[in-house]
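Contents: one structure, followed by commentary.
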Amino acid sequence: MAELHELSALEQWQALQRSEVSPAELTEHYLRRIDALNPGLGAFVTVTADAALARARHVEAAVPRTVPLWGLPFGDKDLQLRAGVPARFGSRLMADFVPDESDDLVRALDDAGAVSLGKTNTPEFGLPSYTESLASPPARNPWDPSLGAGGSSGGAAVAVAARMLPFAPGSDGGGSVRIPAAACGLVGVKPSRGRVPAASGIDKLGGLGVAGPLACTVTDAALLLDAMITPRGGRPEHHFALRAPGADVPLLASAVRGEGRFQLGVMTTSAWDDAYEITLDPEAIVALDAAVAEFSALGHGIEPAALLQDDTYPPAFRTIWQASAAGIPAETPEAEQLLEPLTRWLLHRGRALSARVLAEALAALAAYERSFIAQLSRFDAVLTPALALTPRPVGWYDQDDGERNFEQQVQYTPFTSMINVSGLPAIVLPVHQTSAGLPMGVQLIGRPGGEATLFALGAQLERRIRWQHRVPPGV
């Protein structure tokens, strides 16, 4: 008989509905796995075992089973606020901060009936695309702990890949869901801007940051994203959706059915090609070729695509990235000394920006958004590598030279930030394993609001490749 963590999140939900396992029993199972695996992997920075068990018992006794995630465990990314639980933002500066109120995404997942087991690891203020801070041990890749997990949702990815959670929410402002999903062999989804009410991106600088799911399967990612989208107090009934897919849970229905034939573009160009030397690792090409072959075999139309280069994009994105650090609450020299060198560099650069420079950067990115969408509009979805390189070693990024650090991040992740700027949805799929056993993925970019197409395509590919059966060694 399969262990609970060997079941998909949807299968665990179905077992909960049939009373084959209780929310408390499922919570206890995952807490034991966290206790055994987390010390070597750094997925969680805070584990709230007592609160989780109390919450699981409350869900069983007082929460209707019709809520979307009834009894399923998850972890809050440590950029999210949960009342009474430390929110350290990956920073020594925030070591003692405990919020009095939960933020909207946390409340939305609670309303959906899920059970938080604690806070997952993130880099300082979620700024880099790797999860290695001075505030906690690094998030290590379960496939090879000498390698990093990507970021900024690195802890969430490690927890799901190592089966310490059935799925997890992350946030994505430049690739922060998709990068760790690709590095750790998971499905990761960046929704359309505005799609998730509790973390829409509309209120963020440049509209970049949205919330999205990390999961082992396309269906599990759709299950979590549907719950994140559901208005608070909503009660979609997934068992009805599975029998007769309907409007209540459209993304789960799309993933379960996995139907349709689509026109796909295939692209290896990025917005950074003229600004930095971007080199694709042979394994990235192998992953892309594998996805193209499978989609062709499924009968989808395939044709090449390429972006027009726009030299306004790199400096504009750099400006917004730097400006995003300007509001970090470090107002004294003593407070600044608690920040990491990269964050201090970003803080100073961000605070030195003039209103005119910031306005020009926002205007440039708005123009790029319109151009990007227009260039790809003839396709139902566009296929790219997920990452340009294989997962990077822990300690690979330059911690002292901010310019070099940014260059390294771009060279590893050239295909992600332009999707945040455009506001489009995207999904990462773990299609390939290298000869060393490391995951390599591809990214599908959708049309505005086109998540259902991405889930249908992902489900079709998953049925052929069956990556959900790949498990890291020792897990």
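The values are calculated or read from the model by the stated rules, or taken from the named source; none is laboratory data. Keep in mind it's a predicted model, so treat the numbers as computed, not measured. Don't worry about glycine lacking a Cβ; one is built from the backbone with ideal geometry, like all the others, and counts go over all protein chains shown.
Okay, here's what the table says:
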read-out	value
Exclusive hit being touching a helix residue (DSSP H, G or I) at 6+ places or on another chain (Cβ under 7 Å), assigned to a loop (DSSP other than H, G, I, E, B), aliphatic (A, V, I, L, M) and within 24 Å of ASP35 (Cβ to Cβ), set ALA157, ALA135	ALA135
Unmet requirement for SER152, which otherwise passes all of (1) in contact with a Ser or Thr (Cβ under 9 Å, 6 or more places away or on another chain); (2) in a helix (DSSP H, G or I); (3) crowded, with 24+ Cβ neighbours inside 10 Å	(2)
Qualifying residue in the range 394-403 (condition: buried (at least 18 other Cβ atoms within 10 Å of the Cβ), of a type outside the set (A, V, I, L, M, F, W, C) and in contact (Cβ under 8 Å) with a residue 24 or more places away in the chain)	yes
Only listed residue being of a type in the set (Gly, Ala, Ser), within 30 Å of GLU294 (Cβ to Cβ) and part of a helix (DSSP H, G or I), chosen from ALA388, ALA335, ALA374, ALA361	ALA374
Those residues of the range 261-297 which are part of a helix (DSSP H, G or I), under 19 Å from LEU389 (Cα atoms) and acidic (Asp, Glu), in sequence order	GLU283, ASP289
Criterion (in contact with a Lys or Arg (Cβ under 9 Å, 6 or more places away or on another chain), crowded, with 18+ Cβ neighbours inside 10 Å and either within 29 Å of VAL428 (Cα to Cα) or of a type in the set (Val, Ile, Thr) (or both)) met by exactly one of ALA323, ALA364	ALA323
Tabulated pairs, the range 3-20, first free of Cβ contacts under 8 Å to residues at least 60 places away in the same chain, second of a type in the set (Val, Ile, Thr), C-beta under 7 angstrom, 6+ apart or interchain	LEU4/VAL21; ALA15/VAL21
Residue count, the range 366-401 (criterion: over 20 Å from GLY449 (Cβ atoms) and within 24 Å of the chain's Cα centre (by Cα))	15
Filter result for MET418 (buried (at least 24 other Cβ atoms within 10 Å of the Cβ), part of a helix (DSSP H, G or I), among the aliphatic types (A, V, I, L, M) and on the phi < 0 side of the Ramachandran plot)	yes
Failed item, numbered, when PRO213 is tested on (1) in a helix (DSSP H, G or I); (2) at pLDDT 95 or above; (3) buried (at least 22 other Cβ atoms within 10 Å of the Cβ)	(1)
Residue satisfying all of: in the range 1-32; touching a His at 6+ places or on another chain (Cβ under 9 Å) and surrounded by fewer than 21 Cβ atoms within 10 Å (Cβ to Cβ); nearest to ALA54 (Cα to Cα) among these	HIS29
Some residue of the range 99-112 being in contact with a Cys (Cβ under 7 Å, 6 or more places away or on another chain), at pLDDT 95 or above and assigned to a helix (DSSP H, G or I)	no
All positions within the range 53-62 that are of a type outside the set (Lys, Arg), surrounded by 18 or more Cβ atoms within 10 Å (Cβ to Cβ) and either modelled with pLDDT under 95 or touching an Asp or Glu at 6+ places or on another chain (Cβ under 9 Å) (or both)	ALA56
Some residue of the range 437-453 being surrounded by fewer than 18 Cβ atoms within 10 Å (Cβ to Cβ) and within 21 Å of PRO142 (Cα to Cα)	yes
Lone unmet requirement of (1) of a type outside the set (Ser, Thr, Tyr); (2) assigned to a loop (DSSP other than H, G, I, E, B); (3) modelled with pLDDT of 85 or more; (4) touching a helix residue (DSSP H, G or I) at 6+ places or on another chain (Cβ under 8 Å) for GLY233	(3)
